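Worksheet for the structure shown next.
The values are calculated or read from the model by the stated rules, or taken from the named source; none is laboratory data. Because the structure is predicted, anything quoted here is derived from the model rather than measured. Here the Cβ positions follow ideal geometry from the backbone for every residue, glycine too, while neighbour counts run over all protein chains shown. Areas reflect the complete protein model, heavy atoms only, side chains present, ligands, DNA and RNA absent. Shrake-Rupley method; radii C 1.70, N 1.55, O 1.52, S 1.80 Å.
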Amino acid sequence: MRAVLRPHDRPMPGRQRGRSIIELMISVAIGMAMTLALFGVYLNARSGAVSSDTDAAVADSGRHALAVVGRALRQAGYLRQAHHDDSWAIMPDADFRSFDACLGGYEDPGAANPVCRNDDGQPDGFRVFHAVDIAETAGGPAFRTVAVDPARGRGVDCMGDPIPAPASPETANFAVENRYYVQAHPRTGLPELYCRGGAEGRAQPVVEGVEDMVLRFAVDWTDDAGGVRDMSADTLMRADEVPASAWSWSEMNGANASVRSRRVLAVEVCLLVRAPQPEPGVERTYTDCRGVRRTDRDGIVRQPFRSTIGARNHVGGS
């Protein structure tokens with residue numbers, strides 16, 4: 001006879017167990033905490049890398065800007081080496097002006113005779129005058145009267161435009177005038193260091209991110225014993241404090257007209273350079289080019305760069 005199993009006599013399957021809602025919530029919370037911690041480490045590392053890249057970019061721009069300004073100022077006054085005369089003199093002409101500057105820059109940088117703003121709150125500007133070499137078919141004092149090769153020795157301004165030949169190349173220089181100033185770019189609105197060349201009157205940025213340019217001039221202001229200047233700086237002046245006569249070459253004393261120099265001996269340059277893009281939350285404290293301690297909270301990294309540049313010196317007889 002076949003036995004019939006009643007429902008309560010049938011074997012029950014093994015009891016199944018799962019996670020409670022509390023255990024699940026705890027697991028999710030632990031996972032989220034670990035994810036947030038790892039994400040924070042990533043953000044810190046990324047922020048450090050971005051900050052390092054920004055600092056490097058600002059430093060590169062600052063060094064380049066100082067090199068551009070320094071090269072321009074060291075060219076100022078290069079003149080009589082390229083001049084055709086019988087004496088092979090290297091002295092500049094009386095009242096020759098090799099560079100000058102404007103406090104606060106220029107009202108119109110493209111004007112034939114630019115007017116200074118004379119605003120100490122605006123970036124300064126400066127002009128540089130010099131000549132370029134004239135290549136001759138032969139060199140040296142004995143050959144100064146040979147014909148000039150018109151295909152060589154023209155030279156260019158800061159825009160790369162060829163310098164126009166003078167009416168009489170044998171008796172005149174290929175003269176250069178370059179103007180340097182800070183101006184906002186018309187498309188980006190960001191400040192940049194500009195140069196305007198004198199050959200064609202064209203201007204363009206030469207270094208981006210230059211927000212301010214402050215110039216101070218070391219001047220041999222007082223005459224020493226016997227009325228002879230000793231070519232040592234007595235004072236530091238702003239551009240508007242330098243008399244017009246101090247920019248020009250003049251006699252060192254009243255007895256020897258062949259010994260000339262200018263009273264402005266050197267230029268202290270400070271350039272404030274900024275990063276092109278802000279870094280949210282970044283605060284930097286620094287002393288700007290005007291000696292003011294600042295803390296910028298706009299997220300833009302700024303750094304001042306300073307240098308002292310000696311002006312070209314032609315002291316000596318012909």
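Residues in segment 14-59 that are open to solvent by less than 100 Å² (accessible area, probe 1.4 Å), of a type in the set (D, E, K, R) and modelled with pLDDT under 75: Glu23 only. Residues that are at pLDDT below 85 and open to solvent by 30 Å² or more (accessible area, probe 1.4 Å) within segment 174-192 comprise just one, Ala175. Being under 30 Å from Gly201 (Cβ atoms), at pLDDT 60 or above and not hydrophobic (A, V, I, L, M, F, W, C) is a condition met by no residue of segment 134-153.
For segment 196-205, enumerate the residues that are without any contact (Cβ under 8 Å) to a residue 60 or more places away in the chain and over 15 Å from Val273 (Cβ atoms). Within segment 196-205, Gly197, Gly198, Ala199, Glu200, Arg202, Gln204 qualify.
For segment 204-259, what are the residues that are in contact with a Gly (Cβ under 7 Å, 6 or more places away or on another chain) and either surrounded by 15 or more Cβ atoms within 10 Å (Cβ to Cβ) or at pLDDT 90 or above (or both)? Within segment 204-259, just Val259 meets the criteria. Scanning segment 263-285 for residues that are open to solvent by 20 Å² or more (accessible area, probe 1.4 Å) and more than 22 Å from Glu241 (Cβ to Cβ) gives Arg274, Pro276, Gln277, Pro278, Pro280, Gly281, Val282, Glu283, Arg284, Thr285.
Yes or no: Asp119 exposed (fewer than 12 other Cβ atoms within 10 Å of the Cβ), under 27 Å from Cys289 (Cα atoms), at pLDDT 70 or above and of a type in the set (Asp, Glu)? Here the answer is no, as Asp119 does not meet what is asked.
Kindly check whether there is at least one residue in segment 192-199 that is within 25 Å of Val292 (Cβ to Cβ) and of a type in the set (Asp, Glu). Taking every residue of segment 192-199 in turn, at least one turns out to be within 25 Å of Val292 (Cβ to Cβ) and of a type in the set (Asp, Glu). If you filter segment 60-98 down to residues that are open to solvent by 50 Å² or more (accessible area, probe 1.4 Å) and at positive phi, you find that the one that is modelled with the lowest pLDDT is Trp88.
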